[in-house]
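First up is the structure itself, then whatever we jot down about it.
The values are calculated or read from the model by the stated rules, or taken from the named source; none is laboratory data. Owing to the predicted nature of the structure, the values given are computational and were not obtained by experimental measurement. Cβ coordinates were reconstructed from backbone atoms using ideal geometry, including for glycine residues, and neighbour counts include every protein chain displayed. Accessible surface is based on the protein model in full, side chains and every heavy atom, while ligands, DNA and RNA are left aside. Shrake-Rupley method; radii C 1.70, N 1.55, O 1.52, S 1.80 Å.
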There are 2 protein chains.
Amino acid sequence: MKLTEANTDRLLALKDEVTASYEELKARNLGLNLTRGKPSSEQLDIGESLLSLPGEDDHTLADGTDVRNYGGGDGIREIRELWAEVLGIPADLVVAGDASSLNIMFDLISWSHTFGNNDSERPWAAEETVKWICPVPGYDRHFSITETFGYEMVTIPMNEDGPDVDAIRELVKDPQVKGMWVVPVFSNPTGATVSREVAEALASMETAAPDFRIIWDNAYAVHTLTDEFPEILDIVGIAAEAGNPNRFWAMSSTSKITLAGAGVAFFNSSKENLDWYRKYATIRGIGPNKVNQLAHVRYFGNAEGVRSVMRKHSGILGPKFRAVTEILEKRLGGLGIAGWTHPAGGYFISVDLLDGTAKRTVELAKEAGIALTGAGSAFPLKNDPNNRNLRLAPSLPPQEEVEVAMDGVATCMLFAAIEAAEAAGAAE
Amino acid sequence: MKLTEANTDRLLALKDEVTASYEELKARNLGLNLTRGKPSSEQLDIGESLLSLPGEDDHTLADGTDVRNYGGGDGIREIRELWAEVLGIPADLVVAGDASSLNIMFDLISWSHTFGNNDSERPWAAEETVKWICPVPGYDRHFSITETFGYEMVTIPMNEDGPDVDAIRELVKDPQVKGMWVVPVFSNPTGATVSREVAEALASMETAAPDFRIIWDNAYAVHTLTDEFPEILDIVGIAAEAGNPNRFWAMSSTSKITLAGAGVAFFNSSKENLDWYRKYATIRGIGPNKVNQLAHVRYFGNAEGVRSVMRKHSGILGPKFRAVTEILEKRLGGLGIAGWTHPAGGYFISVDLLDGTAKRTVELAKEAGIALTGAGSAFPLKNDPNNRNLRLAPSLPPQEEVEVAMDGVATCMLFAAIEAAEAAGAAE
C-alpha cells in the first residue's frame, strides 16, 4: 500500500479531529496490550479441569504401561490415536511430546545442523551456506530459530492460498536451500490457509537438496473463529503419494486448545524421518511427560471432544476479532490508508499500512499506553522492507479492552498517515 | 579383581553344587529384571496425589502469574525457591525446567558444540577434537551423549571420594579437554560421594580450556537409603570462591522423588552460564510446564516435605539394597571372586567380578530368565576393558523378586567363576 493510493484530501480534512482524538487518547493514560498471541483467562478456564487430571488411581494404560514411570519415547498410544483422528493421519506416524512443538522444530534443525538428517549428504553445518525459505509475513519465532543457526533467510510472499509456489520452485533449484517454514492453516499472521493445490505442488516439486524439509507448523489446525472447521490435509500422506515421503516435518499442539505451555505437542512425519528423530531424541532423554498426556486423553475423551473445546474458544475469540475488523472498517474505511485480513481462524490480524508508517504507528500507540507488537516482527530479522506491516493480537485482553485499544490504534494509524501525507505534500 | 585373588580350591569344590543350583534355576523359568534404575509402583504411589494437583482453581502465583498461560522461561519462583532451599543454593541461580535434566545436559553440550559456550573461543564443533573426562564406572546415558557428538572419552577411576583428581589435573592441561561428567552424590553406579576436598580441588584446578565444564549431575542429592541425608555441596558457590565461577553446570531433578518422567528438572549455575543458556532456551521455546511445577510446590509444601518423601523411598528401597548385599555376602563371601559396593543412597550396586567373567555372568543369567544390565554398560562405548563390572538395579521389582533374582545372579556369578578357574587350570 503506497501513499499514492490514499485518499489524501479526505485524510487531511480529518487532521484536526484526529489530532484532538489522539490528545484525548493520551490523556486517558491507558495500559492496554495487543502484542501477545496468548489465550485469555476466560479461554484457559475452559481447560481448568486439567489441573486435577488424570486424577488419583488413574495411571495405568490399556497396554499396562504405568504413566508415572520412565519410558515410552513416542508418547502414550492413547493420545497419539486421539490426535491422529483429529488430524486424519495414521497414529503410527505421529509422536507425542512435551508441551512445545517449537522445541521439536528447534531440535530438528539443530540435529540436522550437527549430524545431518536422514537424507543429508553432510551435516548442514558443513555446508558453505544454508538458505531457508520464509513466507512473509510470517511467524517471528520460526525466523528466530533459523536466524540463530545463521541461515540465510529468503523471503517469498504468503498469498491467500499459501506461499508463492512459483517463487519456491525457482528457489529450490539451489541445493543450498534446505528448508522452508510455513503455517498451513490460519497462518500467523495473515490467517491464510494453504490450498490443496498449493500443498500438492509443494509435495511434488523437485528440489536440488535431497534433505530439503518443509516445517509444516499446523499450530492452528482446529482454531476456527467461526462455526466451521477447516479441512486438515494429510500432508505427509500427500508427500508420500507424490514420491517425496520425507519432505515434511509436520507439527501441531494443544497449546492454544488446553493450557498454553502445559499441553502436548505432536510431530507427524514419515517413518524414516521419525526414526531419525528418535535416534537423537532417545539420547537426549527418556521420553515425554506421559502423565500430562493421559490427562489430555481424559480431558478430551475423543477427537470430537477437541472440536467441542474449540467451539468454546471460537465463541470467546470470534467477537474480539470481529470487533477489530469492524473498528478498522468504521474508522479507516475508504481512506485508502490500510488493508487488513479477515481471518476465519488463528490468533492474528495482519494490517498493511501506508509504506513507511508502521513503526511510527507503534510509537504513537506506545505513547498512548497501547502496546503493539514491534513493526516488522513478522519478517526475518524483524526487517519489513516497506515498514508497513503490523500484527494485531486481540486474544488476551477482555472484549471491552480490545475495543478501546483498537479504537486507539485506529487513531494512531490515522495520525501517522496524516503525518506522512503532510510530509509528502511538503516535499513536493 | 583377578583370578589369582580367588580362592580357587574352595571355588572348585563348589562345582557340583553350583551346577545343580544353576540347572534348578533354569528349570524355574523365571522372568525377573534387575536392569532398570526405575522406581517401583510402591514408590510411585508415594506421589499419587500429584495426579490431581495443583487442582482446579489453583493456577495463580503470588506475583499474579497464571501458570496456565505462556511465559516464564526460568520456571516459577515458588519451585525455584523450594528447590534452592533443598540444595542450599541461591534461588536466582537455579532454573526449573520440564521433567528431564538429561534434556538440559544434552542441550548444553549441543549448543556449546554449535555456538560455543560463554567462555569459548570457538564452537566445540570447530575444534579438531574434543575430549571428555569420564569417571568409570559411570552413567551410561551420560556417555551416550558425548559419544553422539563424537567426543573422545577419556576414562579415569571413580574412587570412594569422587573422581581421581590427580588424573584430572593432568588431563585438563590439554586445551582439547572440554568437560567432564560426574554424579557427585551416591554416584551411578558405585554409590560413591564426592568429598568436599575433591570438590574444592575440581573447582580450583587450572584448566587449559577456558570453556571447560564439569557436568555435576546431582541426580541423587537426597536419595538416601538410610536415615541420614548427605551434605549437599553448593558447588557453584565453591567454584565462585575459587575464582572459576563458570566451571560447573549442576543438575538435579525430582524424577526419582515424585514421578519418573513427569517431575521437574533443575539447572544451577553461575549467572553468566545461565544467561548463555537462556539465550538459546528462549529461542528453542517459550518455557517449561508451569502447571506441573506448581503441582510439585503444592505436593512438597517446603524443603522438609522433600526430605519427608525421601524417607518413604528409603523405607522401600533400603531393604532391597540390603537384600542384595546380604545375598552376595552369603553366597560369595570369602571366595575372592567378587567385590561389591554398599551404597548409602542412589539406585545401583556396582559389582566387580573376576576379570573376563562379567559378560558370561550376564549370559548365564539371561538363560535363566534374569535380565541384567549388559556388562560394560557403565563404561564409555560400553567397553569395560577388564570385562568385570556389573551394575545391579534392585529398585523396580518387589522385595521378594529382588531376593529370588539375586540368589539366581549369585549362582551365575559362581558358575562363571568356576568356568574361568577351570579354563585357567586347563591352560596351565
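Within region A:269-302, being within 11 Å of A:Leu50 (Cα to Cα), under 26 Å from the mean Cα position of the chain (by Cα) and more than 9 Å from every other protein chain (Cβ to nearest Cβ) holds for A:Gln293, A:His296, A:Val297, A:Tyr299, A:Phe300. For region B:396-422, which positions are open to solvent by 30 Å² or more (accessible area, probe 1.4 Å) and polar (S, T, N, Q)? Selection gives B:Gln399 alone.
Among the residues examined, B:Thr4 does not qualify as surrounded by 18 or more Cβ atoms within 10 Å (Cβ to Cβ), more than 9 Å from every other protein chain (Cβ to nearest Cβ), modelled with pLDDT under 95 and over 20 Å from B:Gly305 (Cα atoms).
The set of residues in region A:109-141 that are under 19 Å from A:Gly346 (Cβ atoms) and outside any loop (DSSP other than H, G, I, E, B) comprises A:Cys134, A:Pro135, A:Val136, A:Asp140, A:Arg141.
If you go through region B:142-192 and keep only what is in a helix (DSSP H, G or I) and closer than 16 Å to B:Leu102 by Cα, you end up with B:His142, B:Phe143, B:Ser144, B:Ile145, B:Thr146, B:Glu147, B:Thr148.
Within region A:59-89, restricting attention to residues that are part of a loop (DSSP other than H, G, I, E, B) and without any contact (Cβ under 8 Å) to a residue 24 or more places away in the chain, the residue that is nearest to the other protein chains (Cβ to nearest Cβ) is A:Asn69.
Scanning region B:357-366 for residues that are over 21 Å from B:Ala20 (Cβ atoms) and either open to solvent by less than 50 Å² (accessible area, probe 1.4 Å) or outside the structural domain of B:Ser377 (by the TED database) (or both) turns up B:Ala358, B:Val362.
Figure legend. Inter-residue proximity from region A:159-181: first residues more than 25 Å from A:Ser112 (Cα to Cα), second residues modelled with pLDDT of 95 or more and open to solvent by 40 Å² or more (accessible area, probe 1.4 Å), beta-carbon distance below 9 Å, spacing 6+ or different chains. Indicated pairs: A:Glu160/A:Thr193; A:Asp161/A:Thr193; A:Asp161/A:Glu197; A:Gly162/A:Thr193; A:Gly162/A:Glu197; A:Asp164/A:Pro157. Scanning region A:45-58 for residues that are facing chain B (nearest Cβ under 7 Å), outside any loop (DSSP other than H, G, I, E, B) and either surrounded by fewer than 21 Cβ atoms within 10 Å (Cβ to Cβ) or at positive phi (or both) yields a count of 3. Just one of the listed residues (B:Ala167, B:Ala208, B:Ala199, B:Ala203) is more than 20 Å from the chain's Cα centre (by Cα), open to solvent by less than 10 Å² (accessible area, probe 1.4 Å) and away from chain A (no Cβ under 14 Å), namely B:Ala203.
Look at region A:133-157 and say how many of its residues are under 18 Å from the mean Cα position of the chain (by Cα) and open to solvent by 50 Å² or more (accessible area, probe 1.4 Å). Looking only at that region, the number is 4.
Restricted to region B:232-304, the set of helices (runs of 4 or more DSSP H) holding at least 2 residues that are among the acidic types (Asp, Glu) and touching a Lys or Arg at 6+ places or on another chain (Cβ under 9 Å) is empty. When the test is whether a residue is open to solvent by 40 Å² or more (accessible area, probe 1.4 Å), small (Gly, Ala, Ser) and farther than 18 Å from B:Ser269 by Cβ, B:Gly71 does not pass it. The set of residues from region B:9-19 being open to solvent by 50 Å² or more (accessible area, probe 1.4 Å) and either in contact with a strand residue (DSSP E or B) (Cβ under 9 Å, 6 or more places away or on another chain) or not acidic (Asp, Glu) (or both) comprises B:Arg10, B:Leu12, B:Ala13, B:Lys15. Can you confirm whether region A:352-372 contains a residue that is of a type in the set (Asp, Glu), in contact (Cβ under 8 Å) with a residue 40 or more places away in the chain and in a strand (DSSP E or B)? Yes, region A:352-372 has at least one match. Scan region A:213-231 for residues that are over 22 Å from A:Asn103 (Cα atoms) and not in a loop (DSSP other than H, G, I, E, B) and jot them down. Listed by number, the list holds a single entry, A:Thr224. Candidates in region A:25-44 are the residues that are at pLDDT 95 or above and open to solvent by less than 10 Å² (accessible area, probe 1.4 Å); of these, the one that is nearest to the other protein chains (Cβ to nearest Cβ) is A:Leu44.
So which residues in region A:316-356 are open to solvent by less than 10 Å² (accessible area, probe 1.4 Å), over 17 Å from the mean Cα position of the chain (by Cα) and not aliphatic (A, V, I, L, M), if there are any at all? A:Gly318, A:Lys320, listed by residue number. Filter region B:93-132 down to the residues that are at the interface with chain A (Cβ under 9 Å from one of its Cβ atoms) and free of Cβ contacts under 8 Å to residues at least 24 places away in the same chain, then identify the one that is surrounded by the fewest Cβ atoms within 10 Å (Cβ to Cβ). Across region B:93-132, the extreme among qualifying residues is B:Pro123. Of all residue pairs spaced 6 or more apart or on separate chains, those with beta-carbon atoms under 8 Å, a first member in region A:202-220 that is over 19 Å from A:Thr146 (Cα atoms) and a second member that is part of a loop (DSSP other than H, G, I, E, B) and β-branched (Val, Ile, Thr) are A:Leu202/A:Val194; A:Met205/A:Val172; A:Glu206/A:Val172; A:Thr207/A:Val172; A:Ala208/A:Val172; A:Tyr220/A:Val183; A:Tyr220/A:Val185.
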